[in-house]
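Have a look at the structure below, then the notes.
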Amino acid sequence: MIDLAQVGAHVVDDAPPRVQFGLHLPTITWTAGYRVKVLVIHERDQFVRDVPPREYYLDWQEGSAYDLWSAEVELTGGPGHLGEPGNHLYRYQLLRQAGLGEEVVVRFFADPFGRAAGTGTLSAFSTRADPDHGWADDAFTVPEVDDLVVYELHVGEFGGGFAAVADSIPYLTGIGVNALELMPVTNVKEDVEWGYTPLGYFAPDDRYGGAPAFRRLVETCHAAGVAVVLDAVYAHAHPEFAYNLVYRRSGLPNPVMGPFGGEFGGLAPGWDYHRQFTREFFDAVNRYWLTAFHVDGFRYDYVPGFWDGVAGEGYAGLVYRTYRLSQDFGSFPRFFAGDGARSRIIQCAEFLEAPVLALTATYSNTAWQNQLLDAAITQARGAGATDEYAHRLDPELGPQQKYPSVFVNQADRFPVAPFQYIESHDHARFVTRLGVESAVDQLELPFGDRSLWARTQPYAIAQYTAKGVPMLWQGQEFAENWNLPGGTDPRRITFSRPLHWEYFYDDAGRALVRLYRILGDLRRTHPVFGSRGDFYLEPSGEHRRNGIIVFRRVAPAEAAVVVLNFSDVPRTVPVWWPQAGRWIEQLDRDTAQPQPDVVVGVAWESREVTVSSNYGGVYLL
């Protein structure tokens, strides 16, 4: 097991400052003629001409696992502010013996184990006294899968930093959110970038506020009952990531990275999980984020890139070992489910090719899947309501993909459910799919037509009340309307799309946010809408031809009837009610013109209801 106390940069004394540096460079040894330096400079001196970085040689630890290079150095001497309180930047340099001197093999590379980062390919540490963070989240427990309402966001586009996200937690809980799925938060090279080409795996991005601000965000979330899930990019890395750069420049065979799963976007090479070091590296990464930052799980990006089967060394092995780690409830009480050894850690697979396989045969308990999104887009471009979309409201009804209610493996039994969404960061906004279909170009056609916002309403109602885990993409709740280029257009990931928070205040935004808040309350207070409650789709083809979908949710203690109108005109339709009693419509019950109650004398009696255009009704006894 990789010992994180031996690698990275650790301040071990402050009078004068002494720093322990360490990194693993498998197969790069002193006996083969290699040398490693660390170059250190105070952040205030970074761009000062007359203050060069201070250079220190590292020692190769003969016989160490994965060829550890390390040194403890004293930050004294020289001009500038070296050793003074504050942030210091550092980078490594690889040299090789050449005759009586040395030649530079790699002029500089960032620390693959760095706990903090500067802009670009620089690592960082601080000599400023910073008392250990005392966590105050012992009372927090990760929500059950059945209760999750997930909100995906990009920290930079949402508000610019971790602090802005923390300030928005009351707003997000107000629409029912109890889990944040954060797009990658580690450092990247480009100033505007989604984060899917990481330069490091241990450092919360300094541009978002760094480690202290990220800890405060997690603590704020936990105080509000909100879980934090990190987007984990474990299939590939930036070409300048240390283990790409060092072995490419040295000409040595790469003992860490190489062909494994599917290649992605021309990035070469990916992580090779046949290598023990790679497996231990990501075990250490997950252990670090769970321990140091109290995150509650991971959304694993591009699972095909590290997939080698249900019993493989790649994805399946990683989520198994991470699940087992999370069962140490003494260290991670937030994962304790209260019914034995089952853990509530959230492990979500982006395995769009086979989401059911990920849920049924690995230790994933959630998965991304585009089936509802695809069906919604197809339906929105046509007329009426489609069988395909209606069936996707319960993933178990899908004609090809079947999700079991409970995944059973050799030792554990825990609930699983796919994420259900109509928007994600990978796709243009749903409102841009409405109306006339046109070629999407980020520069020529940046925005969709928000005047069509009302057509998104029945899709939102379905997300919160149908089966599976609802996931919102930032701004969906007020009809954010950025477009997104398709395919491999680089503008997908290098173009900033900050949220139009001004939309929150206009007529469309106010109406939609009101609806999302009501839906959030329904999901939070009525277990019948949880992902495991029974789902019964009314089979009426005539309804769907008229743009109507009717379904019922049934749980042991309550039942609900949902009527959705995807057409542009009001509809009056017959509905069969599963229980006798007074059914009260919930979306408009507190308005000046609530829908009439439906009084049913006997079970399965037919009564008509009227539903407004592009809207719905949610009825509870």
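Odds and ends about this structure:
- Of the residues D146, D191, D206, the single one that is at pLDDT below 95 and under 23 Å from I461 (Cβ atoms) is D146.
- In summary, L512 fulfils each of the numbered conditions (1) surrounded by 18 or more Cβ atoms within 10 Å (Cβ to Cβ); (2) not assigned by TED's automatic domain parsing to the domain that holds G384 with the single exception of condition (2).
- Extreme residue, nearest to A560 (Cα to Cα), among residues of the range 493-505 that are in contact (Cβ under 8 Å) with a residue 24 or more places away in the chain and either in contact with a strand residue (DSSP E or B) (Cβ under 7 Å, 6 or more places away or on another chain) or not β-branched (V, I, T) (or both): F504
For every residue, the table says whether it meets (1) touching a Phe, Trp or Tyr at 6+ places or on another chain (Cβ under 9 Å); (2) more than 21 Å from L393 (Cα to Cα).
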position	(1), (2)
R552	yes, no
A555	yes, no
L564	yes, no
V573	no, no
R589	no, yes
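- Each residue in the range 555-580 was checked for being in contact with a strand residue (DSSP E or B) (Cβ under 7 Å, 6 or more places away or on another chain) and surrounded by fewer than 15 Cβ atoms within 10 Å (Cβ to Cβ), and 4 of them qualify.
- Number of positions in the range 494-543 that are in a loop (DSSP other than H, G, I, E, B), of a type outside the set (K, R) and more than 30 Å from D191 (Cβ to Cβ): 8
- Screening I584, I518, I549 for residues that are in contact (Cβ under 8 Å) with a residue 60 or more places away in the chain and either not assigned by TED's automatic domain parsing to the domain that holds K467 or not β-branched (V, I, T) (or both) leaves exactly one candidate, I549.
- When the range 544-554 is filtered for residues that are assigned to a strand (DSSP E or B) and buried (at least 19 other Cβ atoms within 10 Å of the Cβ), the ones remaining, listed by number, are I548, I549, V550, F551, R552, R553.
- Elements of type strands (runs of 3 or more DSSP E) in the range 65-122, at least 2 residues being surrounded by fewer than 21 Cβ atoms within 10 Å (Cβ to Cβ): 68-74, 87-98, 101-109
- Filter pass, A560 being assigned to a strand (DSSP E or B), within 30 Å of P143 (Cβ to Cβ) and among the small types (G, A, S): yes
- Test result for V602, at pLDDT 95 or above and farther than 22 Å from W453 by Cα: yes
The values are calculated or read from the model by the stated rules, or taken from the named source; none is laboratory data. This structure is a prediction, so every number in the text was calculated from the model and none was measured. Virtual Cβ from ideal backbone geometry, glycine too; neighbours counted across all protein chains shown.
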